[in-house]
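J.: Encoded as structure tokens, here's the structure I'll be asking about.
The values are calculated or read from the model by the stated rules, or taken from the named source; none is laboratory data. These numbers come from a predicted model, not from an experiment. Quick reminder, even Gly has a Cβ in these numbers, built from the backbone with ideal geometry, and neighbours come from all protein chains shown.
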């Protein structure tokens, strides 16, 4: 494999077996991520993102296929792979509560053989960047969730890895902290051409803001892989509408058979029903409005908007992105 | 900057992982009560039994020494063997695995940190025990005594590393092993009496736990007169056996860790929490 590829997978599969059933977490995934890219893996919970990261970080063996990180086979030579990587996961609670932030960070640098002076310099610099300098001597059990995640971030970057795996790194964080961390990731990759980041997320805007390319993964399969811009142009011919209506029952039953509706998803937002439609053209809109009226729904707002990655996801998967979002395509799996 | 050698990564890992244990002990002083005064109560119970039946005064020394060594056995069972389970629950294990270091180095760091902390506790138990119960010792050979003590710890913590490989794969399920081993080993290793009292064959079987031989040898080197009639094996044989046990346990631990890590990676158990 060319070493210009930071990550490569060929027909990579993972099956989890229990006594009662088999679950296919990854299904013949082919992926190539060149060095220097900030690559996003976008998918809902249970799509297979974390499984892929676990295999690439040598925490899990594949059931089939092969994977290379920094040109090294992850199954055959995991120790060698580990010299090139680091990982940060969202909601991570690693470290020891009785140690301070800088002590915990120093401890992790020792597992990479970094000398004390270099470690301390890097810790100081990185804490400054994420705004944690004043907490350097705070025991980590006193830190808030956001602060702790910032510390985890610093840990991931401290070892100056060639390839960094970020698994839902901003999960559960407030807007400000998420923004700080995203800016940090962008800056880190932007200034270092030899670094690669594989980011998994289920936040569309995060993938859109950060990633050079995005792969959409669902049920263990890569459904599409391209730049966010190119993915969205797939929907250029269609029109996308977002409607807010008063709560209506069974929207999937009401809209799934309407002519011209390619995909739709719905969610309950602040007591209202939000409906997202991908339509063949604007002529499909009047029947939708009529249907809403017929079921005594009241239109609160209607917005025609540019396609987003979420629309791309809906068009590919046939349902919305949010957890528990029950929505239907016009027909199962394929556009009308 | 050149990348560090494997050896450098190894010893830095040992220091790095020992650090939280040593520092943690200083920052959480509750151990003074729980790990020193409470064990002394158990030691006192045995001392009063021996005194009630008018056993020779050396038996008080046997008990105090056994009480001190109890701390190491508990440390091995609950802070070495089971530690990987807790590390998995907090997410640290993932970070250990993906670091370019060896799990043996992580465990050695835990062991050194554990030994430092436990030695302080054991020393406190001995000092207070000797003071309260007026135990007199007559050291036969200080180098031999130190040798036996250190070899006992090496073999004991080697055994702990071996057990920890089970926790790497089986997680909480393996904690039954620690429960199973705790009390029976107090009995068969002769923590509160000379192990010879169990009979030669039983003592020989119990010798697979290094503390059995270590305690017997240390008692012979501290209470030579009384132990002349209770000794299990000659001190030199026990020293040799401890060397063998140390090598066997450390080698087995290294092999078992590699094997269990491999199996756990295939099963997907390395990162599953709550199992």
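J.: Mind telling me which of the residues B:49, B:98 ends up being modelled with pLDDT of 90 or more and surrounded by fewer than 18 Cβ atoms within 10 Å (Cβ to Cβ)?
T.: Numbers: B:98 fails: surrounded by fewer than 18 Cβ atoms within 10 Å (Cβ to Cβ).
Within the list B:49, B:98, the selection yields B:49.
J.: Additional query: Quick check on the range A:175-190. Is at least one of its residues assigned to a loop (DSSP other than H, G, I, E, B) and surrounded by 22 or more Cβ atoms within 10 Å (Cβ to Cβ)? Outline the logic, then answer.
T.: Initially, the range A:175-190 is screened for residues assigned to a loop (DSSP other than H, G, I, E, B), giving none.
For the range A:175-190, residues assigned to a loop (DSSP other than H, G, I, E, B) and surrounded by 22 or more Cβ atoms within 10 Å (Cβ to Cβ): absent.
Listed here are the residues, each with its yes/no results for (1) assigned to a loop (DSSP other than H, G, I, E, B); (2) in contact with a strand residue (DSSP E or B) (Cβ under 9 Å, 6 or more places away or on another chain); (3) surrounded by fewer than 16 Cβ atoms within 10 Å (Cβ to Cβ).
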| site | (1), (2), (3) |
| --- | --- |
| B:126 | no, no, no |
| B:138 | yes, no, yes |
| B:174 | no, no, no |
| B:179 | no, no, yes |
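J.: For the range B:232-275, give me each residue that is surrounded by fewer than 19 Cβ atoms within 10 Å (Cβ to Cβ), outside any helix (DSSP H, G or I) and either at pLDDT 95 or above or away from every other protein chain (no Cβ under 13 Å) (or both).
T.: Of everything in the range B:232-275, those that are surrounded by fewer than 19 Cβ atoms within 10 Å (Cβ to Cβ), outside any helix (DSSP H, G or I) and either at pLDDT 95 or above or away from every other protein chain (no Cβ under 13 Å) (or both) turn out to be B:234, B:274.
J.: Separate question: Can you go through A:139, A:120 and tell me which one is in contact with a helix residue (DSSP H, G or I) (Cβ under 9 Å, 6 or more places away or on another chain), within 13 Å of another protein chain (Cβ to nearest Cβ) and surrounded by fewer than 20 Cβ atoms within 10 Å (Cβ to Cβ)? Reasoning before the result, please.
T.: Details: A:120 fails: within 13 Å of another protein chain (Cβ to nearest Cβ).
After applying the criteria, what remains is A:139.
J.: Where in the range B:1-82 are there helices (runs of 4 or more DSSP H), lying wholly inside it, with at least 1 residues that are over 30 Å from residue B:194 (Cβ atoms) and within 9 Å of chain A (Cβ to nearest Cβ)? Spell out how you get there, then give the answer.
T.: Numbers: elements: B:6-27, B:38-52, B:58-75.
Fully inside the range B:1-82 and qualifying: B:6-27.
J.: Does the range A:104-117 contain any residue that is in a helix (DSSP H, G or I), over 29 Å from the mean Cα position of the chain (by Cα) and more than 8 Å from chain B (Cβ to nearest Cβ)?
T.: Yes, the range A:104-117 contains a residue that is in a helix (DSSP H, G or I), over 29 Å from the mean Cα position of the chain (by Cα) and more than 8 Å from chain B (Cβ to nearest Cβ).
J.: For residue A:60, state whether it is within 28 Å of residue A:185 (Cα to Cα) and more than 10 Å from chain B (Cβ to nearest Cβ).
T.: On the way: within 28 Å of residue A:185 (Cα to Cα): yes; more than 10 Å from chain B (Cβ to nearest Cβ): no.
In short, no.
J.: Looking only at strands (runs of 3 or more DSSP E) that fall completely inside the range A:202-293, which ones have 1 or more residues that are within 30 Å of residue A:39 (Cα to Cα) and out of contact with any strand residue (DSSP E or B) (no Cβ under 6 Å at 6 or more places or on another chain)? Give the derivation first.
T.: Details: elements: A:213-218, A:221-226, A:239-246, A:261-269, A:272-279.
Answer list for the range A:202-293: A:213-218, A:221-226.
J.: Being surrounded by fewer than 23 Cβ atoms within 10 Å (Cβ to Cβ), assigned to a loop (DSSP other than H, G, I, E, B) and in contact (Cβ under 8 Å) with a residue 24 or more places away in the chain is the filter here; which residues of the range A:63-98 pass it?
T.: Within the range A:63-98, A:63, A:70, A:71, A:84, A:90, A:91, A:93, A:94, A:96, A:97, A:98 meet the criteria.
J.: While we're on this one: What residue, of A:278, A:248, is without any contact (Cβ under 8 Å) to a residue 60 or more places away in the chain and buried (at least 22 other Cβ atoms within 10 Å of the Cβ)?
T.: On the way: A:248 fails: buried (at least 22 other Cβ atoms within 10 Å of the Cβ).
The conditions single out A:278.
J.: Next question, about the same structure. Exactly one condition in (1) within 14 Å of another protein chain (Cβ to nearest Cβ); (2) surrounded by fewer than 24 Cβ atoms within 10 Å (Cβ to Cβ); (3) not in a helix (DSSP H, G or I) is false for residue A:31; which is it?
T.: (1)
J.: Also: Does the range B:96-104 contain at least one residue that is under 21 Å from residue B:34 (Cα atoms), touching a residue at least 40 places away in the same chain (Cβ under 8 Å) and in a helix (DSSP H, G or I)?
T.: Of the residues in the range B:96-104, the ones under 21 Å from residue B:34 (Cα atoms) are none.
Within the range B:96-104 (the criterion being under 21 Å from residue B:34 (Cα atoms), touching a residue at least 40 places away in the same chain (Cβ under 8 Å) and in a helix (DSSP H, G or I)), the answer is no, since none of the residues qualifies.
J.: Since residue B:189 meets every condition but one in (1) over 15 Å from residue B:85 (Cβ atoms); (2) surrounded by fewer than 20 Cβ atoms within 10 Å (Cβ to Cβ); (3) touching a helix residue (DSSP H, G or I) at 6+ places or on another chain (Cβ under 8 Å), which condition does it not meet?
T.: Evaluating residue B:189 over (1) over 15 Å from residue B:85 (Cβ atoms); (2) surrounded by fewer than 20 Cβ atoms within 10 Å (Cβ to Cβ); (3) touching a helix residue (DSSP H, G or I) at 6+ places or on another chain (Cβ under 8 Å) leaves (2) as the failure.
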